[in-house]
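Colleague: Can you keep this structure in mind? I'll have questions shortly.
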Amino acid sequence: MTAEHGEAVDHLRRLAAQLEAHSFQVRLKAPAGLFPRLHVINPMVPAMTEDVLAAHEADGEWWFWLSWAGRIGHAEDVATAAERVASVLHVIRR
């Protein structure tokens, strides 16, 4: 595992803890040679899932990204990133 891979995993673990506190199910996937990602599941509607990645920009700043390349927040602002993931997986009841 490279240092970059390890740093991405560390950021994703912090995000996982925040999302679990909001009752989301999470699974960290960090296979060697591939980008680590956090698989997030809405337990009320298990079909609603999203993968989140942590990656750094050219300036060295780390950000969280949705799987479809939507940047959701700075890696140091885990609470805001968790809120944005939750809003993507939120179910509107009618």
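The values are calculated or read from the model by the stated rules, or taken from the named source; none is laboratory data. Bear in mind the structure is a predicted one, so any value in this text is a computation, not a measurement. Don't worry about glycine lacking a Cβ; one is built from the backbone with ideal geometry, like all the others, and counts go over all protein chains shown.
Colleague: Is it the case that segment 84-94 has a residue that's closer than 16 Å to Glu7 by Cβ and touching a residue at least 24 places away in the same chain (Cβ under 8 Å)? So that I can check it myself, show each step before the final result.
Modeller: Of all residues in segment 84-94, those closer than 16 Å to Glu7 by Cβ come to none.
No - not one qualifying residue is present in segment 84-94.
Colleague: Could you list, in sequence order, all residues of segment 31-73 that are closer than 20 Å to Glu7 by Cα, surrounded by 15 or more Cβ atoms within 10 Å (Cβ to Cβ), more than 11 Å from the chain's Cα centre (by Cα) and at pLDDT 95 or above?
Modeller: Trp62 - this is the single residue of segment 31-73 that is closer than 20 Å to Glu7 by Cα, surrounded by 15 or more Cβ atoms within 10 Å (Cβ to Cβ), more than 11 Å from the chain's Cα centre (by Cα) and at pLDDT 95 or above.
Colleague: Next question, about the same structure. For segment 1-50, name all the residues that are among the small types (Gly, Ala, Ser) and more than 15 Å from Trp65 (Cα to Cα). Spell out how you get there, then give the answer.
Modeller: Taking segment 1-50 as the starting set, the residues that turn out to be among the small types (Gly, Ala, Ser) are 3, 6, 8, 16-17, 21, 23, 30, 32-33, 47.
If the condition is that a residue be among the small types (Gly, Ala, Ser) and more than 15 Å from Trp65 (Cα to Cα), then Ala3, Gly6, Ala17, Ala21, Ser23, Ala30, Ala32, Gly33, Ala47 are the ones that fit.
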